[in-house]
Amino acid sequence: MKKILQDYKAGKVSLTTVLKKLKTLPYEDIEFAKLDTHREIRKGFPETIFCQGKTTPQILQILQKLPADQNILLTKANKTIFTAVKKLIAIASYNEAAKTIVIPRYKPRKKKGTILILTAGTSDIPVAEEAVVTAEIMGNKVEKVYDVGVAGVHRLFDIKEKIFHANVIIVIAGMEGALASIVGGLASKPVIAVPTSVGYGASFHGIAPLLTMLNCCAEGVAVVNIDNGFGAGYFASLINR
């Protein structure tokens, strides 16, 4: 909004163009979706495209309608979707582990603190990478340490200085999800726990670690949904801001 008005004042755009742009705020209706074009102004980060359940043509149409000066994040995207997006927008990049697509139009303002992302096991890395990509595109410095779960808890103590110095910590764990409780008991900063669907039958596709994390007795631990790396990265960025 500010840029539109500045451009009009400077004579760079016509009144007709300004009115046309303002008309699409706060959202644009394209029948199958109502695009929240106002979200970056309101929340500080534009609408993220959740690809699961959407067709490739729908995703491409959404991309064409979103403001061309915004950074864009697409989550739960497969290689087929990325190939189509890459043809449309050459600067798009793909993180295969995270299943995310990033379209970087500008460098976000860097935040001062560090977000530390830990996983209990190697199998939790895809969820962690989604959190990493989300936090980084929002302008955060991210450190990540993988495979430091409770089956070898001594590995965690080797990185205690990172835990002490981080501004926010994201802990990602499947199986029984106990890592979040241990980190919560060590850290003086907010801990965001992410249960993953990794585990044997009795983990119930993430229900067991979810319940463990919700029942955590360590203070300062918040929990997001199963496999929700995006939600954890976003929440951590808000805290770090």
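Laid out as a table, the results:
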{"read-out": "Matching entry among K21, K43, K9 (being at pLDDT below 75 and outside the structural domain of V133 (by TED's automatic domain parsing))", "value": "K21"}
{"read-out": "The range 208-230, residues that are in contact with a Ser or Thr (Cβ under 9 Å, 6 or more places away or on another chain) and surrounded by fewer than 17 Cβ atoms within 10 Å (Cβ to Cβ)", "value": "N215, C217, A218, G220"}
{"read-out": "Yes/no for A77 being within 24 Å of G231 (Cβ to Cβ), assigned to a loop (DSSP other than H, G, I, E, B) and touching a strand residue (DSSP E or B) at 6+ places or on another chain (Cβ under 6 Å)", "value": "yes"}
{"read-out": "Matching entry among D7, D69 (being touching a residue at least 40 places away in the same chain (Cβ under 8 Å), surrounded by fewer than 18 Cβ atoms within 10 Å (Cβ to Cβ) and not in a strand (DSSP E or B))", "value": "D69"}
{"read-out": "Matching option when the condition is outside the structural domain of R39 (by TED's automatic domain parsing), under 23 Å from I72 (Cα atoms) and part of a loop (DSSP other than H, G, I, E, B), among D227, D147", "value": "D227"}
{"read-out": "Some residue of the range 82-93 being aliphatic (A, V, I, L, M), within 23 Å of K189 (Cβ to Cβ) and surrounded by fewer than 22 Cβ atoms within 10 Å (Cβ to Cβ)", "value": "no"}
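The values are calculated or read from the model by the stated rules, or taken from the named source; none is laboratory data. Note that this is a predicted model, so its numbers are computed, not measured. Here the Cβ is made from the backbone with ideal geometry for all residues, glycine too, and neighbour counts use every protein chain on show.
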